[in-house]
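Engineer: Take this structure, written in structure tokens, and hold onto it; I'll ask about it next.
The values are calculated or read from the model by the stated rules, or taken from the named source; none is laboratory data. Since this is a predicted model, take the numbers as computed values, not measurements. Reconstructed Cβ throughout: ideal geometry from the backbone, glycine too, with neighbour counts over all protein chains shown. Accessible surface areas use protein heavy atoms only, side chains included; no ligands, DNA or RNA. Shrake-Rupley method; radii C 1.70, N 1.55, O 1.52, S 1.80 Å.
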Amino acid sequence: MIKTKILKVTAELSRPEDIENLKIAAKVVRDGGLVAFPTETVYGLGANALDAEAVKKIFAVKGRPDDNPLISHLASVEDIYKYAYAEENKYFQRISTLFPAPLTVILRKCSLIPDAVTAGLPNAGFRIPENLVARKLIELAGVPIAAPSANISGRPSTTRAEHVIEDLFGKVDVIIDGGPCKVGVESTIVTLATDPPVLLRPGAVTLEELSDRLGEVKISRSILEEMNEDEVASAPGMKYKHYAPVNPVTIIIGDDERVRAYINKRCETENLAILCYDEDVPYIDCRNVFAVGTENDPFEQARLIFDALRATDECSFITGVLARCPASKDGVNLAIYNRLLKASGFNVVKL
Ligand code: TXA
Ligand code: MG
């Protein structure tokens, strides 16, 4: 057990003690410690990306497979030029003005980024978070911060400090409580190291927005299809079991009436938890119902989806989770679709 310090900061950094707290956390990062911090997507578990020993601790604490590389978080676009071969990448020139954003770009790395960060790959992921607390922490640390999502590997990502405390208290030096995350699903990942670029993970920056700037962008097979553990995935993390609550998840795709009838029928004989839209709630006859936002607002659904998956762990005596999933794969829907597919281990009922 490590003695974990919990430091509260406001999202706007409006109090003098907010900066003082971030200075404490920044020093822990510089000294090789682990700091969990908020970003606009999900909480991150950060270490000094230039310190291979510190980076190795992240893998140990999360129980993360060692072939799964980490994203380096930077304070400004200029820093990307310092740590990657970004100048000669024509695609990077076209999207660099999107930053700061819930977006990660994969580029060929410079040798300053140790192999421990990229699991030996020649390319590395970089992202400049929009979240003020995250950016200030990186700036004060004065080093890039390598950070995966701040959850135990395989569990739903954390979007609130309470969830980080649940997974990581006693295992990390500092947890910064900066309130709930605005986006709620992890960053969009696009590799610019291939021609054409490939979307490796969908997020709040949509495929449509990327294609507007980059032209053709391919979609990695791992976003919508199951991969074998021994397959070489373009984003190694995509092949592992992900986002799973304790109970098995089944996702349901179909129109309102069919989905509601299916759920009610199953609930007659089984004790289940249900994830559905606000509009479904009055029609569902089940004790454990979690609303994940309005049917037509995928941004709201993104913000609530991991919280809801985690909340099902608190339901007593349930044997499974039924989660309503968008039928559309447009825009941010693709991110929700992808996360629910992974959470369910590709267990889909189409009505
Ligand atoms: O929103 C986010 O991206 C959050 C916050 C903390 O910034 N971070 C996050 O990290 O989601 P993580 O480690 O949970 O997911 C990173 C994903 C993994 O699937 C990993 O395989 C992929 O990014 N990745 C990282 N570096 C890569 C590289 N060099 N090439 C291909 N994929 C990479
Ligand atoms: Mg993760």
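Engineer: Where does the chain land at 222 nm, in deg cm²/dmol rounded to the nearest 500, when only DSSP H runs of n ≥ 4 count, each adding -39500 (n - 2.57), divided by all residues?
Structural biologist: Numbers: 11 runs with 108 residues, N = 351.
Dividing the helical sum by the residues of the chain leaves -9000 deg cm²/dmol.
Engineer: To the nearest 10 degrees, how steeply does helix 333-343 sit against the main Cα axis of the chain, on a 0 to 90 scale?
Structural biologist: The two axes meet at around 80 degrees.
Engineer: When the Cα centres of region 39-53 and region 300-338 are compared, how far apart do they sit, in Å?
Structural biologist: Result: 25 Å between the Cα centres.
Engineer: Could you tell me what percent of the accessible area of region 208-351 is made up of carbon and sulfur, with a 1.4 Å probe and every protein chain present?
Structural biologist: Numbers: 3310 of 6880 Å².
Ligands and nucleic acids excluded, carbon and sulfur give 48 percent.
Engineer: Which order do the peptides 137-149, 316-328 take when ranked by the mean count of other beta-carbon atoms within 10 Å per residue, highest first? Walk me through the numbers on the way to the answer.
Structural biologist: Working: 137-149: 23.5, 316-328: 17.7.
Packing proxy ranking, top to bottom: 137-149, 316-328.
Engineer: Sticking with this one: Once both axes come from the Cα atoms, what is the angle between helix 132-141 and the longest principal axis of the chain, in degrees from 0 to 90, rounded to 10?
Structural biologist: For 132-141 against the chain, the angle is about 30 degrees.
Engineer: Computed from the mean reciprocal separation of all distinct C-alpha pairs, what Kirkwood hydrodynamic radius does region 60-126 have, in Å? Don't jump to the answer; show the numbers that get you there.
Structural biologist: Working: mean 1/r = 0.0795 Å⁻¹.
Taking every pair of different Cα atoms in region 60-126, averaging 1/r and inverting gives 12.6 Å.
Engineer: Let me ask something additional. In region 1-114, what percent of the accessible surface is made up of carbon and sulfur (1.4 Å probe, ligands and nucleic acids excluded)?
Structural biologist: Details: 2760 of 5060 Å².
The nonpolar share, carbon plus sulfur, comes to 55 percent.
Engineer: How many nm is it between the label spots at GLU216 and THR294, if each spot is 7 Å from the Cα in line with the beta carbon?
Structural biologist: Label-label distance for GLU216 and THR294, simple model: 3.8 nm.
Engineer: For region 77-220, what is Rg from Cα atoms divided by 2.2 N^0.38 Å, rounded to two decimals?
Structural biologist: Values: Rg = 15.7 Å, N = 144, 2.2 N^0.38 = 14.5 Å.
So the Cα radius of gyration is 1.08 times the expected 2.2 N^0.38 Å.
Engineer: Based on alpha-carbon centroids, what's the gap between region 212-227 and region 139-193 in Å, whole number please?
Structural biologist: Region 212-227 and region 139-193 have Cα centres separated by 24 Å.
Engineer: Taking every pair of distinct Cα atoms and averaging 1/r, then inverting, what Kirkwood hydrodynamic radius in Å comes out for the chain? Display every interim value, and only then the final one.
Structural biologist: Working: mean 1/r = 0.0487 Å⁻¹.
Evaluated on the chain, it is 20.5 Å.
Engineer: Over the chain, with the other protein chains present, what is the accessible area per residue in square angstrom, probe 1.4 angstrom? All intermediate terms of the calculation are to be shown ahead of the outcome.
Structural biologist: On the way: 14520 Å² over 351 residues.
The answer is 41 Å² per residue.
Engineer: Another question about this same structure. Working from Cα positions, state the angle (0 to 90°, nearest 10) between the long axis of helix 256-269 and the longest principal axis of the chain.
Structural biologist: 80 degrees
Engineer: In addition: So if I place +1 on the C-beta of Lys and Arg and -1 on the C-beta of Asp and Glu, and nothing else carries charge, what would the dipole magnitude of the chain be about its Cα centre? I want it in debye, nearest 20.
Structural biologist: Details: 41 positive and 49 negative charges, 146 e Å.
For this selection, approximately 700 debye.
Engineer: On to the next question. I need the peptides 207-218, 27-38, 103-114 ranked by packing, meaning the mean over residues of other C-beta atoms within 10 angstrom, with the highest value on top.
Structural biologist: 27-38, 103-114, 207-218
Engineer: Could I ask something else about it? For q values of 0.14, 0.15, 0.21 Å⁻¹, compute log₁₀ I(q)/I(0) with the Debye formula on a Cα-only model of region 1-51, without solvent.
Structural biologist: Each listed q corresponds, in turn, to -0.38, -0.43, -0.83.
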